[in-house]
Amino acid sequence: MRISRFIPFALSAFVPFLAGPANSADKALTVYTYESFIAEWGPGPKIEAAFEAECDCDLTWVGVADGVALLNRLKLEGDKAEAGVVLGLDTNLVAEAKATGLFEVHGLDTKPVSVPGGYSDDTFIPYDYGHFAVIYDTETIANPPASLKDLVEGDPDQKIVIQDPRTSTPGLGLLLWVKSVYGDDAAQAWEKLSKRVLTVTPGWSEAYGLFTSGEAPMVLSYTTSPAYHMVAEETNRYQAAEFSEGHYLQIEVAGLLANAPDKDLAREFLGFMMTPGFQNEIPTNNWMLPAAAITMELPEAFGMLVAPEKTFLYAPEDVAENRAAWIDEWLGAMSR
Amino acid sequence: MLTRTEHRASRMAGLAALVAIGLALAVPIAVLLSHGGASELSSSQGDYLVQITRFTLLQAGLSTLLSLVFAVPLARALARRPEFVGRRWLLNLFAVPLGLPPLVAALGLIEVWGRNGVANQGLGLLGAETPFSIYGLSGILLAHVFFNLPLAVRLILPALERLPPEYWKTAANLGIGGLPLFRLVEWPAMRRTAASAAGLVFMLCATSFTLVLVLGGGPAATTLEVAIYQALRFDFDPGRAVLLSLIQICMTLVVMLALKLMAATAETGDTKGGSTSRPDVQGGLHALPDAALIGLGGLFVSAPMVAVIVSGLSADLSRLLTDTLFWRAASTSLAIGLAAAALSVVLASFLVRGRYSAGQNPGSPALGLLAGLSGAAGSLTLLVPPVVLGAGWFLMLGGGTGQLLAPLMVIILINALMALPFVMRVLEPAHQNTLERNGRLAVSLGVVGANRLKQIDLPAMLPALATGFVFAVALSLGDLGAIALFGSDRIVTLPWLLYQKLGSYRTADAAGLALLLGAITMALMIVAEKLGTWNGSAYR
């Protein structure tokens with residue numbers, strides 16, 4: 001065995017990725033986000049094209065499984081992160097994200113933004129919002145749950161796919177939703193609900209994929225998800241179940257990293273985020289509701305969606321204070 | 001036979017390899033221990049730890065039971081039918097899961113046993129109300145049986161085939177068959193091998209990572225290994241990772257000691273490919289039960305592989321092959337594999353040589369210890385599973401983000417250690433043979449030291465070294481355990497890419513990738529087998 005012969009060969013294999021990404025434009029911006037945002041069918045590619053057309057820069061997306069995984073990644077990387085902007089946290093996570101000290105006040109005028117409850121912040125800017133909902137397949141389920149209580153206590157053979165609150169913002173959303181409704185009894189509710197859970201995925205994409213491929217008849221997603229099927233697939237097959245207790249609100253936000261290599265460019269992107277150039281891509285690509293003005297007509301399907309009358313939303317500080325304990329409670333209840 | 005100088009050099013080499021391995025294991029464990037004080041346990045956390053420890057043992061126990069319950073009758077049926085068409089082919093097929101990357105197998109299993117898979121459609125036609133679930137405990141058990149049933153069959157079958165033909169002649173003359181024959185002859189012959197196969201299967205299932213990660217489906221079906229990974233990647237909670245790692249090490253330690261006490265290692269041997277005739281077994285319609293059993297076994301093992309090929313071929317392979325990310329992942333995988341294999345072969349050679357030299361002098365306790373430790377070095381990686389090793393290095397490197405070389409080195413190191421027991425098992429007999437055959441002559445001719453290594457020992461061992469090397473490359477190529485902790489958009493290997501495609505539900509891409517990865521590792525395994533001494537029994 002002449003190992004010496006292999007060494008240069010082995011080293012040469014490292015070369016392509018030691019060189020790092022090549023930049024065509026002078027300026028470059030890296031944005032951390034979640035997987036489904038930058039999928040081929042997501043808003044990422046279109047927003048990239050629109051922003052690059054006006055910034056004369058190179059925009060690179062880096063995707064992780066889901067929103068909470070973004071925060072985990074930031075905690076892990078600390079100030080070594082190479083990104084300028086993080087897009088895809090939600091208000092449940094902002095207090096914890098600020099506490100890392102990795103974000104910087106954006107200093108932008110957020111007047112164009114308007115979301116339910118009027119959330120506004122000096123560090124994070126909302127870019128869209130939606131309400132969590134259980135989406136079901138009308139071909140398999142005739143009587144969808146009409147309340148969270150129905151969901152918890154329903155037939156255990158009728159399965160739902162949910163996301164892991166340790167990595168996913170919808171997963172965390174459901175955890176907070178259950179907490180809002182059940183309070184101190186949340187653990188018992190989860191224990192019951194766990195019998196109906198087919199699997200817990202790290203991110204929204206995988207869960208929704210399992211649902212649409214027929215592995216489970218229900219999935220945790222958003223009230224806006226049926227619009228996708230109505231518009232893009234022209235089918236009414238997948239519908240959102242309206243829950244009598246109310247729905248949990250999610251406001252998705254983006255923020256500026258203090259260590260951004262090019263802060264001006266990062267700010268320019270955050271500014272762009274509040275314009276129609278970005279917002280127009282949200283409804284029919286991210287299938288969420290825009291957080292600022294759009295210059296397009298919303299498809300008719302958006303008028304046919306479940307519009308929750310009562311909504312829940314924890315203050316960011318409350319989530320920051322309790323998240324770890326509530327996740328432990330969830331782990332304990334789900335593993336029993 | 002070695003000269004004094006050679007003995008000294010061999011022992012130094014063995015010692016050096018031991019120290020290197022010791023450091024590679026001790027450093028991460030020390031790091032884990034130093035992080036240990038950080039976490040306080042709330043009652044719900046304690047609850048969770050108890051649950052997953054219990055689940056880890058439960059699923060391993062059930063997996064072992066199921067694998068053996070099917071393996072024993074299947075091995076018996078195969079022993080009873082030494083001459084049917086395709087028997088050799090079937091036994092080769094049963095060797096495939098050993099080398100198949102778990103992720104690829106998981107994909108095939110989902111394809112066959114998922115809600116829309118062939119199996120559930122069949123069950124539905126038969127009137128089953130609730131479909132079989134590939135997620136959670138049932139999925140984990142299914143996957144573990146898929147991997148370990150063939151392994152157990154291949155371990156148990158030789159025990160039956162080694163029985164002298166007179167046994168079967170006598171049985172035929174006396175008209176003993178069925179249950180009495182099983183009780184009197186077959187079971188006593190298999191018992192010891194079956195027990196040690198059970199021990200091995202239990203150990204493999206208790207430390208299984210990838211299958212549980214992909215098929216587990218939530219906190220209710222999480223093993224310690226997966227929980228360690230989640231504590232680091234999901235929660236970034238080093239305290240919990242440390243606690244889990246310590247529980248894991250204690251558990252594997254107890255299991256290994258129990259196994260050591262329970263049974264001596266299985267006598268492994270090759271099957272003779274059906275040369276023993278079985279006059280006690282009737283043909284014709286009486287062959288039906290055996291045929292059905294063998295047919296079902298073959299179907300169970302082959303279906304997921306066929307599914308991987310079929311769905312892989314229907315994926316857009318040409319697009320995948322022109323994707324730069326695929327080539328980056330492939331070259332990274334290959335580089336890691338080559339480096340890990342080289343390291344593994346070097347370490348194994350040192351250990352084997354050192355052990356041989358130390359074993360020549362049974363009187364000395366120090367040398368006895370060296371020989372014993374060198375032998376045990378292989379099993380150490382089972383004791384401290386890759387994820388635990390990775391966790392220690394992960395904490396030491398602060399997550400390894402923003403770095404490139406350090407995490408790569410760690411991945412290479414972990415993969416090399418993972419392959420070590422298998423490489424040693426290939427090298428040890430070859431080394432023994434070489435020295436027995438040429439040792440005396442070399443010394444009498446005065447060809448010693450470096451000259452002898454270069455001119456005699458290494459050339460003679462080349463097939464074994466190459467086999468071990470290729471095998472280690474294949475093992476590393478399929479590994480998700482180490483890369484799961486360190487994978488990022490800068491370090492992408494093929495299994496990591498496949499895992500990500502699965503996560504983002506790019507099913508077609510995942511199917512194509514699985515086919516490519518499966519084909520590459522299979523090709524390497526075949527090369528390794530053809531290269532020489534390697535055969536099914538040398539593995540594990």
Given (1) within 14 Å of chain B (Cβ to nearest Cβ); (2) modelled with pLDDT of 95 or more; (3) more than 21 Å from A:Asp137 (Cβ to Cβ), A:Arg166 misses just (2)
Just one listed residue, out of A:Leu265, A:Leu256, A:Leu298, A:Leu331, is part of a strand (DSSP E or B) and either of a type in the set (A, V, I, L, M, F, W, C) or away from chain B (no Cβ under 14 Å) (or both), and it is A:Leu256
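Within the group A:Ser213, A:Ser194, A:Ser205, A:Ser221, which residue is modelled with pLDDT under 95, within 14 Å of another protein chain (Cβ to nearest Cβ) and either surrounded by 24 or more Cβ atoms within 10 Å (Cβ to Cβ) or touching a Lys or Arg at 6+ places or on another chain (Cβ under 6 Å) (or both)?
On the way: A:Ser213 fails: either surrounded by 24 or more Cβ atoms within 10 Å (Cβ to Cβ) or touching a Lys or Arg at 6+ places or on another chain (Cβ under 6 Å) (or both); A:Ser194 fails: either surrounded by 24 or more Cβ atoms within 10 Å (Cβ to Cβ) or touching a Lys or Arg at 6+ places or on another chain (Cβ under 6 Å) (or both); A:Ser221 fails: modelled with pLDDT under 95.
None of the others qualify; the one that does is A:Ser205.
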Within the range A:62-73, residues more than 10 Å from chain B (Cβ to nearest Cβ) and either closer than 19 Å to B:Tyr499 by Cβ or of a type in the set (A, V, I, L, M, F, W, C) (or both) come out as A:Leu70
Those residues of the range B:208-253 that are in contact with a Ser or Thr (Cβ under 8 Å, 6 or more places away or on another chain) and not in a helix (DSSP H, G or I) come to a total of 9
Cβ pairs under 7 Å, 6+ apart or interchain, first in the range A:214-233 and free of Cβ contacts under 8 Å to residues at least 12 places away in the same chain and outside any strand (DSSP E or B), second of a type in the set (D, E, K, R) and surrounded by fewer than 23 Cβ atoms within 10 Å (Cβ to Cβ), ordered by first then second residue, are A:His229/A:Arg237
Exercise. Look at B:Ile156 and say whether it is within 14 Å of chain A (Cβ to nearest Cβ) and crowded, with 24+ Cβ neighbours inside 10 Å.
Key: no
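Restricting to the range A:267-283, give me the number of residues that are within 10 Å of A:Pro43 (Cα to Cα), polar (S, T, N, Q) and touching a residue at least 60 places away in the same chain (Cβ under 8 Å).
Step one: of the range A:267-283, the residues within 10 Å of A:Pro43 (Cα to Cα) are A:278-283.
When the remaining residues are screened for being polar (S, T, N, Q), the result is A:279-280.
Restricting the remaining residues to those that are touching a residue at least 60 places away in the same chain (Cβ under 8 Å) gives A:279.
The total comes to 1.
Would you confirm whether or not the range B:123-135 contains a residue that is among the polar types (S, T, N, Q), more than 22 Å from B:Gly478 (Cβ to Cβ) and assigned to a helix (DSSP H, G or I)?
Of the range B:123-135, the ones among the polar types (S, T, N, Q) are B:130, B:133.
Cutting the leftovers down to more than 22 Å from B:Gly478 (Cβ to Cβ) gives us B:130, B:133.
So of that shortlist, the ones also assigned to a helix (DSSP H, G or I) come out as none.
No: zero hits.
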In the set B:Val104, B:Val50, B:Val85, the lone residue that is part of a helix (DSSP H, G or I) and loosely packed, with under 15 Cβ neighbours inside 10 Å is B:Val50
Per the filter on the range B:121-139, residues of a type in the set (S, T, N, Q), surrounded by 14 or more Cβ atoms within 10 Å (Cβ to Cβ) and facing chain A (nearest Cβ under 10 Å) are B:Ser133
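Check B:Leu74, B:Leu149 and return the single one that is more than 26 Å from B:Leu213 (Cα to Cα), modelled with pLDDT of 85 or more and assigned to a helix (DSSP H, G or I). Please lay out each step first, then the result.
Working: B:Leu149 fails: more than 26 Å from B:Leu213 (Cα to Cα).
None of the others qualify; the one that does is B:Leu74.
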Expected single match for away from chain A (no Cβ under 14 Å), more than 17 Å from B:Thr521 (Cα to Cα) and surrounded by 12 or more Cβ atoms within 10 Å (Cβ to Cβ) among B:Leu347, B:Leu285, B:Leu296 is B:Leu296
Taking the range A:134-149 and keeping only residues that are crowded, with 16+ Cβ neighbours inside 10 Å and either without any contact (Cβ under 8 Å) to a residue 60 or more places away in the chain or touching a strand residue (DSSP E or B) at 6+ places or on another chain (Cβ under 8 Å) (or both), one is left with A:Val134, A:Ile135, A:Tyr136, A:Asp137, A:Ile141, A:Pro144, A:Pro145
Expected single match for within 26 Å of the chain's Cα centre (by Cα) and polar (S, T, N, Q) among B:Ser314, B:Ser349, B:Ser318, B:Ser357 is B:Ser349
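Which residues, taken from the range B:329-355, are over 21 Å from B:Pro407 (Cβ atoms) and in contact with a Ser or Thr (Cβ under 7 Å, 6 or more places away or on another chain)?
Initially, the range B:329-355 is screened for residues over 21 Å from B:Pro407 (Cβ atoms), giving B:345-346, B:348-355.
Listed by number, the residues that qualify are B:Leu351, B:Arg353, B:Gly354, B:Arg355.
Mind counting the residues in the range A:301-328 that are more than 14 Å from chain B (Cβ to nearest Cβ) and either of a type in the set (Ser, Thr, Tyr) or assigned to a helix (DSSP H, G or I) (or both)?
Keep residues of the range A:301-328 that are more than 14 Å from chain B (Cβ to nearest Cβ), which gives A:301-321.
This time we only want the ones that are either of a type in the set (Ser, Thr, Tyr) or assigned to a helix (DSSP H, G or I) (or both), so: A:301-304, A:311, A:314, A:316-321.
Number satisfying all stated conditions: 12.
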Being modelled with pLDDT under 90, surrounded by fewer than 19 Cβ atoms within 10 Å (Cβ to Cβ) and more than 12 Å from every other protein chain (Cβ to nearest Cβ) narrows B:Ala315, B:Ala406, B:Ala377, B:Ala371 down to just B:Ala406
Touching a residue at least 60 places away in the same chain (Cβ under 8 Å), within 14 Å of chain A (Cβ to nearest Cβ) and among the β-branched types (Val, Ile, Thr) - does that describe any residue in the range B:211-219? yes
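Does any residue of the range B:433-450 turn out to be under 27 Å from the mean Cα position of the chain (by Cα), assigned to a helix (DSSP H, G or I) and buried (at least 23 other Cβ atoms within 10 Å of the Cβ)? Before the answer, list the steps.
Residues of the range B:433-450 that are under 27 Å from the mean Cα position of the chain (by Cα), as a first pass: B:433.
When the remaining residues are screened for being assigned to a helix (DSSP H, G or I), the result is B:433.
Checking which are buried (at least 23 other Cβ atoms within 10 Å of the Cβ) leaves us with none.
No, the range B:433-450 contains no residue that is under 27 Å from the mean Cα position of the chain (by Cα), assigned to a helix (DSSP H, G or I) and buried (at least 23 other Cβ atoms within 10 Å of the Cβ).
Could you tell me which of the residues B:Leu62, B:Leu32, B:Leu49, B:Leu25 is within 14 Å of chain A (Cβ to nearest Cβ) and farther than 30 Å from B:Val281 by Cα? I'd like the intermediate steps shown before the answer.
Working: B:Leu62 fails: within 14 Å of chain A (Cβ to nearest Cβ); B:Leu32 fails: within 14 Å of chain A (Cβ to nearest Cβ); B:Leu25 fails: within 14 Å of chain A (Cβ to nearest Cβ).
On inspection, the qualifying residue turns out to be B:Leu49.
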Q. Any chance the range A:102-120 includes a residue that's outside any loop (DSSP other than H, G, I, E, B), touching a strand residue (DSSP E or B) at 6+ places or on another chain (Cβ under 6 Å) and closer than 16 Å to A:Ala260 by Cβ?
A. yes
Condition set in a helix (DSSP H, G or I) and among the polar types (S, T, N, Q), scope the range B:7-41, selection modelled with the lowest pLDDT: answer is B:Ser34
Answer with yes or no whether A:Val64 is closer than 20 Å to A:Leu29 by Cα and surrounded by 20 or more Cβ atoms within 10 Å (Cβ to Cβ). yes
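The values are calculated or read from the model by the stated rules, or taken from the named source; none is laboratory data. All values derive from a computational prediction rather than experimental measurement. Note that each Cβ is placed from the backbone with ideal geometry, even for glycine, and that neighbours are counted across all protein chains shown.
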